[in-house]
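Engineer: Please find one structure pasted underneath; my questions will follow.
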Amino acid sequence: MNVHQQLEQVFRDVFNDDALVLRHDMTSDDIPGWDSIAHINLMFAIEATFGMQFIGNELAEMKTIGDVEALVSRRGEV
Amino acid sequence: MESTVTDAAATASARGDQQKKSGDLDGAIASYLDAAAQLERVTAPLCLGLARAYLAKGNYAEAIRWAASVVDAGDDYGAWMSAAALIAGAGQWNAARVRRRARVALAASFTTSQLRALLPLAALRHGIDLQVWEGQFGQYRQDLLDGTSALYQSAPDFIVLAVHERDLALPALSGDPEADVAREVSRWTSLWYAVARHSAARVIQMNFALTAEAPLGHLGARLRESRYAMTQMVNSRLGMAAGNRVGMLDCERLSSLVGKSRWFDSRYWHFSRQAISLQFLPLVARHLTAVLAADLGLNRKCLVLDLDNTLWGGVIGEDGLSGIKLGGDATGEAFSAFQEYILRLKDKGVILAVCSKNDDAIAREPFERHPDTKLRLDDFAAFVANWEPKPANIERIAKSLNISLDALVFVDDNPAECEAIRRALPEVDVIELPADPSAFVRELSEYLMFETSSLTDEDLHRTAQYRARSAASAAEQTAASIEELWDSLKMTATAAPFDEMTLPRIVQLIGKTNQFNLTTRRHGRAQVEAFMNDPECVHFSVRLSDRYTDHGLVGLMIAFQRGSVLDIDTWLMSCRVIGRSLENTMVAHLCDVAAQRGVTTLRGFFAPTPKNALVSGLFARLGFARVGEGDASEAWEYDLAVSGSIENRFITLNVAGDRRERASAAGAGLQGCVQ
């Protein structure tokens, strides 16, 4: 699986939605249930999946799927 | 051999995934169950796969059963969260499985949204349908002291004081450690008394996990003046004060168990006020619900033990008294240690029973004659050794002891016997021992359902006594009312016009504050900058600090002067300081500013949203009068000439004027409250 597919799987697990499809320009507004609790869960799941840690404000700055994918590609174990 | 089994399970599981994707739910379920049958311990992804597939089919009972199984599949936070979301609403779905309903209120000083979500899942493992009420974080004192608070209105059976080390008002080095510790202890016990006065709920206090960082190094351990030593004293004295009346979750022990460098994750603290690493919330949820279950009388009462290769090494019927391993060598010592641990469980009230496939007389011999046996025949309340199937014998044991099957825990080294009990008697909990006897004690100690509420029966008489006593000792309480609390906090607020330093935090608060927000107008940075240059605009932010902590920049107002009227465009406060009377101070400051400008009337607006019901009565409470009927928002007016200025004696207000105060970024980022 490439980063995008892995990320999609993380989102599907967090939101219990096997049909979820990610696009780069998606934000929390595009995914029902992406509130502050889900955001924390997402960040945690991404860290666990890609063996990386967000630093400082990165936890808050991950606004679009593209942001997340770019950062994970740069720093995660992929 | 083992890896072949694992591979086969993985293949079956992957087949299930494919079948589910193609819409073949029955096929997927069959494949998943096939995979589960091949594994010694079912994995969390498999449980979730089954739960989702059953849910898609509308088979709620099985969906919930498998979602709940995630609890036994390890402490994987992500899997727990997914399972918790699946069982939300389980109360209606599976009433049959529920042994008890209970309500718990979380009175917290850290973000508990995640713990709140996980608790019902962990509770389901005990057969408890748990409703969780969650307070605004940081507001626990107000909630507990105010008998009319929403916390008490939720009619909780339990109130969990979810607090942590940072809450302790202890200096790094104290000039008078005895006094500091005593004051800190009474601060917490006074909250227990407040609960006893307002409700019959049982308090569960989290004690304080000592931090991973030690500025004093090893010196801290031998200086009673150190925060490190004082925190230990606070824990110890709170424990003594709690006695049988108040429950405790020993977070200091749990944090040590997993390691403090992992228990604390400062990133998530700074980001969203998580006092405990997310990865350990399943552990906390399991322990907390075990404590609740014990208080509800739902803990397990009886340990049913196999004999051969469980209480000694070898087979007594073949190896004989001198051949079995008990004491002596390393293996024998491991079995002795296990017996010793079982005795400790008996000491606290766990009933012991034997269920063994043996001849009765031979099975009794080691307990009567072996020199290294720790357990004696009279330690067992029931002793069944015969050649009949174990499920039938276990039913007999339950009947003879007059306890129900769901009070039993069966321990065996033999996987086949364990499986037979699981299938025949699902109410009985089964502990399957690992291959290495030196790991038996740990295995049993990690089983949480022998948690004990108290060592003497806490009957109604005792509870009544406690409540009477707590009423009589009102004098020793440090804060009896919310006003006394406010007084004791020695709060100071600082109001200042917006400036470059504070602008980022101001824009952030405007962007995300939902609850204490009268109009929810989401002005952007450019707009706010324009306001700052508008001579008709009155704008200020407030910081709040008290004797314990500096809360930072937590509130703001934007108003526009229209002749003799001042229109309050935006008024909001961070949820971390709700219930501190800061709103009164803010409006008091607005009165002062209005007077300076020759304004005679304040006009406030309330625009209801799904999230700001908290402030629906605010203007009425402050003495504003309703004017006109808007469709989307209400208008309220306050006549300064007639009603005079509003004041708040509980908070000292400093006005910073143009003096630039250093803006603190502390607490910026996502706040713990759900916004």
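The values are calculated or read from the model by the stated rules, or taken from the named source; none is laboratory data. Here the structure is a predicted model, which means the values were calculated and not measured. Note that we place each Cβ from the backbone using ideal geometry, even for glycine, and neighbour counts take in every protein chain shown.
Engineer: Report those helices (runs of 4 or more DSSP H) wholly inside segment B:480-563 carrying at least 2 residues which are acidic (Asp, Glu).
Structural biologist: B:482-489
Engineer: List the helices (runs of 4 or more DSSP H) that sit entirely inside segment B:570-651 and contain at least 1 residues that are of a type in the set (A, V, I, L, M) and farther than 30 Å from B:Leu144 by Cβ.
Structural biologist: Numbers: elements: B:582-596, B:618-622, B:640-643.
Answer list for segment B:570-651: B:582-596, B:640-643.
Residue-wise test of (1) surrounded by 15 or more Cβ atoms within 10 Å (Cβ to Cβ); (2) at pLDDT 85 or above; (3) under 22 Å from B:Val542 (Cα atoms).
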{"site": "B:Ile568", "(1), (2), (3)": "yes, yes, yes"}
{"site": "B:Arg580", "(1), (2), (3)": "yes, yes, yes"}
{"site": "B:Pro610", "(1), (2), (3)": "no, yes, no"}
{"site": "B:Trp636", "(1), (2), (3)": "yes, yes, no"}
{"site": "B:Gly667", "(1), (2), (3)": "yes, no, yes"}
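Engineer: If I ask for residues that are at pLDDT 90 or above, over 24 Å from B:Leu115 (Cβ atoms) and assigned to a helix (DSSP H, G or I), which ones from segment A:47-66 would you list?
Structural biologist: Scanning segment A:47-66 gives A:Phe50, A:Ile65, A:Gly66.
Engineer: Does at least one position in segment B:259-273 carry a residue that is of a type in the set (Lys, Arg) and in contact with a strand residue (DSSP E or B) (Cβ under 6 Å, 6 or more places away or on another chain)?
Structural biologist: Filtering segment B:259-273 down to residues of a type in the set (Lys, Arg) leaves B:260, B:262, B:267, B:273.
Going one step further and asking which of them are in contact with a strand residue (DSSP E or B) (Cβ under 6 Å, 6 or more places away or on another chain), we end up with none.
No, that holds for no residue.
Engineer: Only one of A:Arg12, A:Arg23 is under 19 Å from B:Pro45 (Cα atoms) and basic (Lys, Arg); which?
Structural biologist: A:Arg12
Engineer: Is it the case that segment B:50-61 has a residue that's surrounded by 19 or more Cβ atoms within 10 Å (Cβ to Cβ), within 20 Å of the chain's Cα centre (by Cα) and farther than 21 Å from B:Gly297 by Cβ?
Structural biologist: no
Engineer: With respect to B:Arg253, determine if the residue is within 13 Å of chain A (Cβ to nearest Cβ), basic (Lys, Arg) and either in a helix (DSSP H, G or I) or touching a Ser or Thr at 6+ places or on another chain (Cβ under 7 Å) (or both).
Structural biologist: no
Engineer: Is it the case, given these coordinates, that B:Leu281 is within 14 Å of chain A (Cβ to nearest Cβ), at pLDDT 95 or above and within 29 Å of B:Tyr77 (Cα to Cα)?
Structural biologist: yes
Engineer: Still on this structure, I have one more. In segment B:366-378, how many are surrounded by 16 or more Cβ atoms within 10 Å (Cβ to Cβ) and either touching a strand residue (DSSP E or B) at 6+ places or on another chain (Cβ under 6 Å) or touching a residue at least 24 places away in the same chain (Cβ under 8 Å) (or both)?
Structural biologist: 6
Engineer: For segment B:222-231, which residues satisfy the criterion of being out of contact with any Phe, Trp or Tyr (no Cβ under 9 Å at 6 or more places or on another chain) and assigned to a helix (DSSP H, G or I)?
Structural biologist: Once the filter is applied, which keeps residues that are out of contact with any Phe, Trp or Tyr (no Cβ under 9 Å at 6 or more places or on another chain) and assigned to a helix (DSSP H, G or I), segment B:222-231 yields B:Arg222, B:Arg227, B:Tyr228, B:Ala229, B:Met230.
Engineer: I've got another one for you. For segment B:399-474, list the helices (runs of 4 or more DSSP H) that sit wholly inside it and hold at least 2 residues that are more than 30 Å from the chain's Cα centre (by Cα), modelled with pLDDT of 85 or more and over 30 Å from B:Ala196 (Cβ atoms); which are they?
Structural biologist: Fully inside segment B:399-474 and qualifying: B:415-424.
Engineer: Oh, and also: Go through (1) within 11 Å of chain A (Cβ to nearest Cβ); (2) over 20 Å from A:Ile40 (Cα atoms); (3) surrounded by fewer than 24 Cβ atoms within 10 Å (Cβ to Cβ); (4) hydrophobic (A, V, I, L, M, F, W, C) for B:Ala73 and report which single condition fails.
Structural biologist: Unmet condition: (1).
Engineer: Can you name the residue in segment A:15-41 that is within 12 Å of chain B (Cβ to nearest Cβ) and part of a helix (DSSP H, G or I) and, of all such residues, is farthest from B:Ser113 (Cα to Cα)?
Structural biologist: Going through the qualifying residues, I end up with A:Ser28.
Engineer: Starting from segment B:82-100, take each residue that is within 14 Å of another protein chain (Cβ to nearest Cβ) and list its partners that are at pLDDT 55 or above and outside any helix (DSSP H, G or I), counting only C-beta distances under 7 angstrom and pairs at least six apart or across chains.
Structural biologist: Going by the 7 Å Cβ cut-off, the qualifying pairs are B:Ser82/A:Asn16; B:Ala85/A:Asn16; B:Leu86/A:Asn16.
Engineer: Among the residues of segment B:260-304, which ones are aromatic (Phe, Trp, Tyr), surrounded by 19 or more Cβ atoms within 10 Å (Cβ to Cβ) and assigned to a helix (DSSP H, G or I)?
Structural biologist: Hits for segment B:260-304 are B:Trp263, B:Tyr268, B:Phe271, B:Phe280.
Engineer: When A:Phe44 is evaluated against the numbered criteria (1) surrounded by 18 or more Cβ atoms within 10 Å (Cβ to Cβ); (2) part of a loop (DSSP other than H, G, I, E, B); (3) within 11 Å of chain B (Cβ to nearest Cβ), which criterion, by number, is the only one it fails?
Structural biologist: All conditions pass for A:Phe44, except number (2).
Engineer: Then there's this: What's the total number of residues in segment B:44-70 that are of a type in the set (Lys, Arg) and within 13 Å of chain A (Cβ to nearest Cβ)?
Structural biologist: Of the residues in segment B:44-70, 1 are of a type in the set (Lys, Arg) and within 13 Å of chain A (Cβ to nearest Cβ).
Engineer: Since B:Gly239 meets every condition but one in (1) surrounded by fewer than 18 Cβ atoms within 10 Å (Cβ to Cβ); (2) of a type outside the set (Lys, Arg); (3) not in a helix (DSSP H, G or I), which condition does it not meet?
Structural biologist: The failed condition is (3).
Engineer: Give the residues of segment B:231-275 that are at pLDDT 95 or above, within 30 Å of A:Ile55 (Cβ to Cβ) and among the acidic types (Asp, Glu), sorted by residue number.
Structural biologist: B:Glu252
Engineer: Considering every residue within segment A:49-67, establish whether at least one is within 24 Å of B:Arg52 (Cα to Cα), in contact with a Leu (Cβ under 9 Å, 6 or more places away or on another chain) and either among the aromatic types (Phe, Trp, Tyr) or within 11 Å of chain B (Cβ to nearest Cβ) (or both).
Structural biologist: Among the residues of segment A:49-67, at least one is within 24 Å of B:Arg52 (Cα to Cα), in contact with a Leu (Cβ under 9 Å, 6 or more places away or on another chain) and either among the aromatic types (Phe, Trp, Tyr) or within 11 Å of chain B (Cβ to nearest Cβ) (or both), which makes the answer yes.
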